[in-house]
1. Using a 10 angstrom cutoff on alpha carbons, build the Gaussian network for the chain and name the most mobile of Ile36, Ile176, Ile119.
2. Please compute the length gained on full extension between Glu50 and Tyr30, using 0.36 nm multiplied by the number of residues separating them and subtracting their Cα-Cα distance.
3. What is the calculated FRET efficiency for Ala150 to Asn114, with r their C-beta to C-beta distance and R₀ = 30 Å, to the nearest 0.05?
4. For the chain, with a Gaussian network of springs between Cα atoms less than 10 Å apart, report the residue from Asn232, Asn114, Asn178 with the top mean-square fluctuation.
5. Name the lysines eligible as straight-distance cross-link partners of Lys20: C-alpha to C-alpha under 22 Å, and not fewer than 8 places from it in the same chain.
6. So what is the accessible area of the chain per residue, in Å², with the probe set to 1.4 Å?
7. Work out from phi, with θ = phi - 60° and the Karplus expression 6.51 cos²θ - 1.76 cosθ + 1.60, the ³J(HN,Hα) of each residue of region 205-215, listed in order in whole Hz, and give x for Gly and Pro.
8. How many percent of the accessible area of the chain is carbon or sulfur, using a 1.4 Å probe?
Amino acid sequence: IRKLKRREAVVSTQSTGNNKRVIGSLLGRYDKGVVIITESFAVPHQETEEEVSMDMEYAMRIGELQKKVNTNLYTVGWYSSGIIINEYSSLIHAFYKCQCPTPVHLTIDTLMTNQKMKINTHITLPIGVKNGTEGCIFTPVPYTIQGAEAEQVSLKFFQQLRGSKKTPNFNDQEQIINCCDEMISQIGVVLGHIKQVLAGEAPADKELGRQIMEVVQAVPNLESDTITNMLNSHMQDLLAVEYLTYLTRQQLAVSARLNQIL
């Protein structure tokens with residue numbers, strides 16, 4: 001199971017009422033036996049010691065609306081805050097089993113026990129006697145968390161501020177310079193390894209060489225003048241957008257003052 005960037009949606013809807021947990025639907029797609037979770041939304045429900053109820057119509061309606069926006073999205077399971085799986089979990093899981101063949105149940109420890117946001121993923125396996133009493137058991141399955149490159153840059157920036165009392169600097173130019181410096185440092189490490197392999201000081205790795213070749217081929221072969229023209233064109237577009245934004249802001253301010261006078 002591969003999850004992408006949806007933990008904040010679960011945390012932001014953490015229950016503050018009588019319910020002990022928040023539940024919601026997981027949306028994503030299937031790719032060669034792998035479930036890729038990309039979206040989620042909370043589903044209203046009521047849970048007491050005697051019974052549990054959820055708004056199934058709401059879950060199906062929002063799921064259909066999400067699919068209209070992105071036709072590649074499917075309901076792939078459900079999530080809940082907390083790490084406890086109780087007898088009501090199987091009832092909720094049964095509803096999602098009608099939406100997809102093998103729903104995934106994802107739990108997130110929003111209380112951050114041991115200062116960690118523990119995540120578990122499960123699927124169910126049938127148990128019981130044939131033509132008799134039947135049930136299901138939640139079985140853990142492995143998962144990985146991946147994010148877009150833009151998200152990784154932001155997360156790395158905030159990780160650097162961990163434990164620091166200084167005011168964060170959100171200067172875009174400085175962030176670009178830092179990223180370029182880090183990239184140059186990484187290129188130096190790769191070049192150093194290549195030189196060691198060519199000199200026979202380090203063993204050759206075919207898989208590593210193939211990955212380096214893919215990175216080199218992904219870099220566009222452009223002349224410096226072409227890159228400069230592209231940057232200048234992008235800068236002009238950015239200035240035009242900022243100018244139009246300024247004009248719009250001024251027009252709204254003038255309109256608000258005229259409404260107050262009239």
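1. The residue that fluctuates most here is Ile176.
2. Length difference between fully extended and current span is 3.6 nm.
3. Numbers: r = 30 Å, r/R0 = 1.00.
That gives a FRET efficiency of 0.50.
4. Between Asn232, Asn114, Asn178, it is Asn232 that shows the largest mean-square fluctuation.
5. Counting by Cα, and skipping residues close in sequence, Lys20 has these lysines nearby: Lys116, Lys118.
6. 75 Å²
7. 10, 5, 5, 5, x, 5, 5, 5, 5, 5, 5
8. Values: 11210 of 19680 Å².
That fraction is 57 percent.
The values are calculated or read from the model by the stated rules, or taken from the named source; none is laboratory data. Here the structure is a predicted model, which means the values were calculated and not measured. Every residue, glycine among them, receives a Cβ derived from its backbone with ideal geometry; neighbour counts consider all protein chains shown. Note: accessible area is taken over every heavy atom of the protein model, side chains too, but ligands, DNA and RNA are not part of it. Shrake-Rupley method; radii C 1.70, N 1.55, O 1.52, S 1.80 Å.
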